[in-house]
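First comes the structure, then the notes that go with it.
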Amino acid sequence: MPPPPLYCPPPHFSPTISNGIHWIKPPPGFAKLNTDASFKKYKYNCSRSSIAGVCRDENGRWMFGFSSRVQSGSSFEAELVAVREALKLAWHKGLRWVIVESDSESVVNRILNQIIRQPKNKLEAIILECQGYVMSRAWSCSIQHTRREGNFAADALTKELASESFELHVWDHPPESLSLILLADKIGMEVPRHGALDQNQILYLKLKRRELLARNHHWY
């Protein structure tokens with residue numbers, strides 16, 4: 001008989017997996033690049049923005065990430081800059097089958113639908129730059145909207161210390177703080193609507209991580 005599993009959840013414990021909104025792996029051969037931004041406005045017209053992106057392959061394995069602070073006057077602009085940086089990095093890293101996801105529906109719609117011949121302002125210039133990457137380069141690249149629950153890893157990366165610098169930081173390896181989120185995404189665990197894992201989910205993921213490490217298996 002096979003040995004018993006390292007951990008069997010008690011009967012009352014049932015983490016939510018694959019029944020709701022969660023990160024979805026890209027099709028075979030594609031990379032998926034999730035982007036996000038944070039924007040906070042303070043008194044006296046001061047604001048603070050940071051952007052981030054997480055790129056993973058068809059198996060949910062980490063390819064690269066990026067993060068930095070940016071100058072922006074709105075959350076829309078910050079989200080737009082995040083998409084632009086994702087497109088630039090993906091192209092320059094040689095990826096040719098790419099899906100870019102943002103949880104800003106307005107940003108996705110503007111890039112896909114706005115017709116701009118001569119940009120009248122900074123935002124239109126960035127939109128036109130994004131459109132140029134998507135439509136005018138020799139690659140298969142699409143931009144689509146995802147719910148926040150499917151964008152959890154990119155959201156978490158905006159909060160990393162490296163995101164405090166205005167210089168773009170490229171993550172060849174994910175920070176330890178993202179390990180549970182990446183594992184949740186890999187197994188298709190649903191993220192609750194409030195955008196944070198609950199205590200039962202965290203317990204399950206910690207035990208799963210311990211089991212995988214004991215077997216020298218890595219998920220990113």
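The values are calculated or read from the model by the stated rules, or taken from the named source; none is laboratory data. Just so it is clear, the model here is predicted, and its values are computed rather than measured. Positions of Cβ are generated from backbone atoms using ideal geometry, with glycine treated the same way; all protein chains shown enter the neighbour counts. Just so you know, the surface numbers come from the protein's heavy atoms only, side chains and all, with ligands and any DNA or RNA stripped out. Shrake-Rupley method; radii C 1.70, N 1.55, O 1.52, S 1.80 Å.
Couple of notes before you dig in:
- Charged neighbours of residue 155, selected by a Cβ distance under 13 Å, balance to -4 (K, R count +1; D, E count -1).
- Label-to-label distance, nm, for residues given as residue 113 and residue 216 (7 Å Cα→Cβ offset): 5.3 nm
- Surface share of carbon and sulfur [accessible, 1.4 angstrom probe, percent] for the chain: 53 percent
- Within the chain, longest stretch free of exposed GluC sites (Glu not before Pro) [DSSP loop, at most 16 other beta carbons within 10 Å]: 59-166
- Separation of the residue 176 and residue 42 label points, Cα + 7 Å toward Cβ, nm: 2.9 nm
- When shorter helices are ignored and each DSSP H run of at least 4 residues is given -39500 (n - 2.57), the per-residue value for the chain at 222 nm works out to -10000 deg cm²/dmol.
- Residue 74 long-range amide H proximity, modeled H, under 5 Å: none
- Here is the list for the range 25-104: chymotrypsin sites (Phe, Trp or Tyr not before Pro) lying in DSSP coil, each with at most 10 other C-beta atoms within 10 angstrom of its C-beta, are 42.
- In sequence order, the range 101-114 has phi-based couplings of 10, 9, 8, 9, 5, 5, 5, 4, 5, 5, 5, 7, 10, 6 Hz under the Karplus curve 6.51 cos²θ - 1.76 cosθ + 1.60, θ = phi - 60°, and Gly or Pro positions carry x.
- The range 49-119: relative contact order as a whole-number percent, Cα under 8 Å and 6+ apart: 24 percent
- Normalised by the number of residues in the chain, the average gap of Cα pairs under 8 Å and 6 or more apart makes the relative contact order 29 percent.
- Cα-based shape type of the chain, given that a ≥ b ≥ c are square roots of the gyration tensor eigenvalues and the cut on a/c is 1.5: prolate
- Think of a 1.4 Å ball rolled over the protein heavy atoms: the chain then has 53 Å² of accessible area per residue.
- In the complete set of protein chains, residue-level accessible area for residue 35 is approximately 0 Å², probe 1.4 angstrom.
- Computed label-point distance, nm, for sites residue 106 and residue 76 using a 7 Å Cα→Cβ extension: 0.5 nm
- Greater than 30 Å apart at Cα, pairs in 88/206; 41/88; 159/208: 88/206
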